[in-house]
1. Can you list, largest first and rounded to whole Å, the semi-axes you get for the range 109-148 by taking the square root of 5 times each eigenvalue of its Cα gyration tensor?
2. What size of dipole, in debye to the nearest 20, comes out for the range 277-428 about its Cα centre when the only charges are +1 on Lys and Arg C-beta atoms and -1 on Asp and Glu C-beta atoms?
3. Considering every Cα-Cα pair within the range 87-195, what fraction, in whole percent, is farther apart than 18 Å?
4. Which one of Met380, Ala69, Val394 is farthest out on the positive end of the charge dipole of the chain, using unit charges on Cβ (Lys, Arg +1; Asp, Glu -1) and the Cα centre as origin?
5. Please find the FRET efficiency linking Asp202 to Thr372, where r is the Cβ-Cβ separation and R0 is fixed at 51 Å, and quote it to the nearest 0.05.
6. Label the range 156-221 by shape, choosing from rounded, prolate and oblate, from the square roots a ≥ b ≥ c of the eigenvalues of the Cα gyration tensor; if a/c is under 1.5 it is rounded, and otherwise prolate applies when a/b is larger than b/c, oblate when it is not.
7. For the chain, treating each Cα as an identical point scatterer without solvent, what Debye log10 I(q)/I(0) comes out at q = 0.06, 0.08 1/Å?
8. Which three extents, in angstrom, do the Cα atoms of the range 205-321 have along their principal axes, listed largest first?
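All of the numbers you see were taken from the coordinates with simple rules; none came from a lab. Predicted model, so just to flag it, every value in this text is computed and none were measured. All Cβ positions, even for glycine, are placed from backbone atoms using ideal geometry, and neighbour counts span all protein chains on display.
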Amino acid sequence: MEQEDQKQDFKMSIYLKNVTYIDWQNHKFTSGNLKIGRGDKGLIEFVDACPDDAVNCQGKIITKSFVCAHHHAYSALARGMPFPEKAPQNFVQILEYIWWNLDKKLDQDMIRASALITALNCLKNGVSFIIDHHASPFAIKNSLEIMAEAFDEIGINHLLCYEISGRDGIEPQQKGLEETEQYLQNHSGLVGLHASFTVGNDLLNAAVKLAEKYNSGIHIHVAEDLADQEACEKEFGCRVIERLDRFGVLNFSKTILGHCIHLNQNERSILADSEAWIAVNTESNLNNNVGLFSNAGSLENKVLLGTDGMHSDMLRSAQYNYFCHKDKDRLSVPDFYKRLRRAHQYLSINNFEGDSENNLVILSYDSPTPVTSENWLGHMFYGLTSNAVESVIVNGEWVVRDRRLVQSDEDEILVFAKEQAVRLWEKL
Ligand SMILES: [Zn+2]
């Protein structure tokens, strides 16, 4: 390469020297100088030549960053909020007293603050892609655009939807459909629905039509609690998966079904033969005392992991999932690692942008024992925590460097979020 060309090339990419890179698919360790290309489809490659000011990563571990397959940014300001006056006694009351009380009070500033905080927390935990399920029944218009702007501003990739439902009457339902369509005209996203028990047949039909029109898929909670099944059997004379199947929800390879805890054998076999994916959220299930997912009936290769808005830490989600499911689902550590990483497959087979190899996390992981290609997964599940996340590169650009956001002022974001949290809690 001519010297001038090389200088130009050095400016176009990030160069890291003395890295230990772990291939996220085969756990192979490679050491050397890493060149990271920019943009949606940027590549990474090991190179001999490196600019003088390349970032020294001696002693650091670099690997692909993480994806959260089911999040609720709208709940980000809930941390530490007052407990409801009446303590919920079951899952539906948890929704009614807590989440449906909170989401109705959200306005545009609060939505923006929630999105900024969620993006900040995700990135600091090494999560570079959020698949979100948003609700703000009395501030629906432009809510997805506000979130997308906030996520873009901080530098995190995303796949958004509005969780439409009939729970607050026909007007919010109609506005949810309109917001979804408006968003899908300009962005890739999903068609969100809350859950079968709050979605009537007309809405379900309209949502599937929208997903078809925009080559999208449905993102919905499924059988998180038995109440969802009971309502479906009572009102529609069938099980939730049977109902979704009849309407065509399961025909989209972009469809994500949250939870899928209370399924019978027939539902499992319908689901196993379908295109849909399942987002499992272990800590949320423990918190709501709704039971745990089971992979029985050949569902394992559909499992993605999310946080359900509990937090933004996918390493933590993977570890909880491992400890709660290892005996129940009869899987090994590599299988649980696949659960953590399967969202990359979901995004790539569906041609979503924003999850290329130039999305990376730089870990400062001081282990008292050797770290090798053979035992790396043992470290991931028994040693590594998100405290090790030092820097994050998204689309080939620095977004977190030495534990600070690069593209936004995080102190300002925290001040703004606290103001909005106080406003929100006063309304609860
Ligand atoms: Zn959820």
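1. The equivalent ellipsoid of the range 109-148 has semi-axes of 20, 10, 7 Å.
2. Here the size comes out at about 580 debye.
3. When all Cα pairs of the range 87-195 are counted, 50 percent exceed 18 Å.
4. Among Met380, Ala69, Val394, the one farthest towards the positive end of the dipole of the chain is Met380.
5. The formula returns an efficiency of 0.35 here.
6. prolate
7. These q points yield log10 I(q)/I(0) values of -0.25, -0.44.
8. Each principal axis gives a Cα extent; for the range 205-321 these are 36, 32, 24 Å.
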